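The values are calculated or read from the model by the stated rules, or taken from the named source; none is laboratory data. Everything quoted here is computed from the prediction, not taken from an experiment. All Cβ positions, even for glycine, are placed from backbone atoms using ideal geometry, and neighbour counts span all protein chains on display.
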Amino acid sequence: MLILLPPSEGKTAPRRGKPLDLGSLSSPSLTPARTTLLEALVRLCADDPEKAAAVLGLGPAQRDLVQRNADLADAPTARADAIYTGVLYDALGFDTLSPAARRRATARVAVTSSLFGIVRPGDRIPAYRLSGDATLPGTGSVAGVWREVLGEAVTEAVGTGLLVDLRSGTYAAFWRPAPEAARRVATVRVLHESGGRRSAVSHFNKATKGRIVRALLEDGANPRTPAALADALGRLGWTVEVGEPTARGTQLDVVVTEV
């Protein structure tokens, strides 16, 4: 099983650590694309901070993030599971997982990244700012770069197991599974039910996805089909509704009434 997470906009910048070594990251087939995007981002932020702020969608109070990007080549790194923050990652709580669950996370979790494609929890990366819908001068759209190469890396990481796709729409555009792999793909949607009505609410969505990943890692469940994943989540206490299989996989709706 591979659990594919979205990244977080917020990141914790390490105060010390070795500089980035692209060659040390998992999925080495992505090194050329990583190099292209890294060099383009650093060049933009170092040469034209005003334009960089506009491209990255940063306001006046966030200009320090432009300089952070300009310094990425020499910036300190830390494990990816310590870099990403926010509602989903707070609910998942990598740092408080049991030793067995942390070992499972190393093998079963990957984070989608605008700058690195996918990273594993133990990959050492710097804190950066680059949205999935950004377009870098001279390079083109970030999503376009990854659409060319990410499929092979994700397919290799999944192997013969189940892909549990928890990405948001922006990052799902980086790569979509081929129809022949659809039977081994489960996408998870979280719906908040209140007063007989259901809606997709960002906070509920992110927090519940984090809790789902944590529960699967602690439990040790390793389902191989969407139906088996639904059974595992039901056993772990969630209300799950299974959709019809499609050419992109099977959607599981997790229905929650409170955070």
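Listing for the model above:
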quantity: Subset tally (residues that are within 24 Å of G196 (Cα to Cα), among the small types (G, A, S) and under 22 Å from the mean Cα position of the chain (by Cα)) for the range 214-259; calculated: 1
quantity: Candidates L150, L130 - the one that is assigned to a helix (DSSP H, G or I) and not small (G, A, S); calculated: L150
quantity: Of residues in the range 136-164 being more than 22 Å from G249 (Cα to Cα) and touching a Leu at 6+ places or on another chain (Cβ under 9 Å), the one surrounded by the most Cβ atoms within 10 Å (Cβ to Cβ); calculated: V142
quantity: Only listed residue being modelled with pLDDT of 95 or more, in contact with a Lys or Arg (Cβ under 6 Å, 6 or more places away or on another chain), buried (at least 19 other Cβ atoms within 10 Å of the Cβ) and within 26 Å of T155 (Cβ to Cβ), chosen from L217, L252; calculated: L217
quantity: Residues (within 21 Å of P28 (Cα to Cα) and among the hydroxyl-bearing types (S, T, Y)) located in the range 149-200; calculated: T155, T160, Y171
quantity: Residue count for the range 23-57, restricted to those that are touching a helix residue (DSSP H, G or I) at 6+ places or on another chain (Cβ under 8 Å), without any contact (Cβ under 8 Å) to a residue 40 or more places away in the chain and either surrounded by 14 or more Cβ atoms within 10 Å (Cβ to Cβ) or assigned to a loop (DSSP other than H, G, I, E, B) (or both); calculated: 7
quantity: Residue in the range 161-179 that is out of contact with any Ser or Thr (no Cβ under 6 Å at 6 or more places or on another chain) and among the acidic types (D, E) present; calculated: no
quantity: Some residue of the range 69-80 being among the acidic types (D, E), closer than 20 Å to K18 by Cβ and not in a helix (DSSP H, G or I); calculated: yes
quantity: Meets criteria (β-branched (V, I, T), exposed (fewer than 15 other Cβ atoms within 10 Å of the Cβ) and modelled with pLDDT of 95 or more) for T77; calculated: no
